[in-house]
1. First check a/c for region 66-156, with a ≥ b ≥ c the square roots of the eigenvalues of its C-alpha gyration tensor; if it is under 1.5, answer rounded, and if not, answer prolate when a/b is larger than b/c or oblate otherwise.
2. Using 0.36 nm per residue of separation minus the Cα-Cα distance, give me the extension gain between GLU42 and THR101 in nm, one decimal.
3. If one takes the longest principal axis of the Cα atoms in the chain, at what angle in degrees, from 0 to 90 and to the nearest 10, does the Cα axis of helix 141-156 lie?
4. Can you give the net charge of the other residues whose Cβ lies under 10 Å from the Cβ of VAL99, counting K and R as +1 and D and E as -1?
5. What longest region of the chain stays clear of GluC sites (Glu not before Pro) that DSSP places outside H, G, I, E and B and that have at most 15 other Cβ atoms within 10 Å?
6. Quickly estimate the mean residue ellipticity at 222 nm for the chain, helices only: each DSSP H run with n ≥ 4 gives -39500 (n - 2.57), and the total goes over all residues, rounded to 500.
7. Quick one: how many lysine pairs in the chain have C-alpha atoms under 26 angstrom apart, if they're 8 or more apart or on different chains?
8. For the Cα atoms of the chain, what angle does the longest principal axis make with the long axis of helix 85-101, in degrees from 0 to 90, nearest 10?
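Quick note: the coordinates plus some simple rules give every number you see, no bench work behind them. Everything numeric here is computed off the predicted structure, so don't read it as measured data. With ideal geometry, Cβ positions are generated from the backbone for all residues, glycine too; neighbour counts draw on all protein chains shown.
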Amino acid sequence: MRCPFCAHEDTQVKDSRPTEDNTSIRRRRQCSSCGARFTTFERVQLREVTIVKSGDKGEERREAFDRSKLERSVALACRKRDVSQERIDQLVSGIQRQVETAGEAEVPSARIGEMVMEGLKQIDSVAYIRFASVYRDFSEARDFEEFASSVQEAAKD
């Protein structure tokens, strides 16, 4: 693996262990050129999945499923909330597993967005509303008010 510090291609694995949720392997590596240490994660990928995104004018774009992109968007919604990185990883791993085991080569981005919303709804209501505000493209304060009141009503039930 290439060193992220000096781009040298010869690095050695110094330590390997499973992550807490046993969905990936954490590897500590050291560059043989500059001596820098860094961590990599190895995950099982069951199949190649393409995400289909709908554009403004009805056109569709396709891109490969990117776990790190999904993880960033969930982490952004959970920023400054009492949600552990482990819980975020569990949510993202669960969504990734669902997407890869669904048996479909192409998955609409809307379906993944709904999976994220459902997961965040169970974890943290503020993160859920934050994600929804971007996902559902809230344009004014009234949109937040209406959505937040529907979340409060659902919580009472």
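1. Verdict is prolate for region 66-156.
2. Taking 0.36 nm per residue and subtracting the Cα distance, the gain is 19.4 nm.
3. On a 0 to 90 degree scale, this one is about 90.
4. Spelling it out: positives minus negatives among the neighbours equals +2.
5. Maximal segment without exposed cleavage sites: 60-103.
6. -14500 deg cm²/dmol
7. 8
8. 80 degrees
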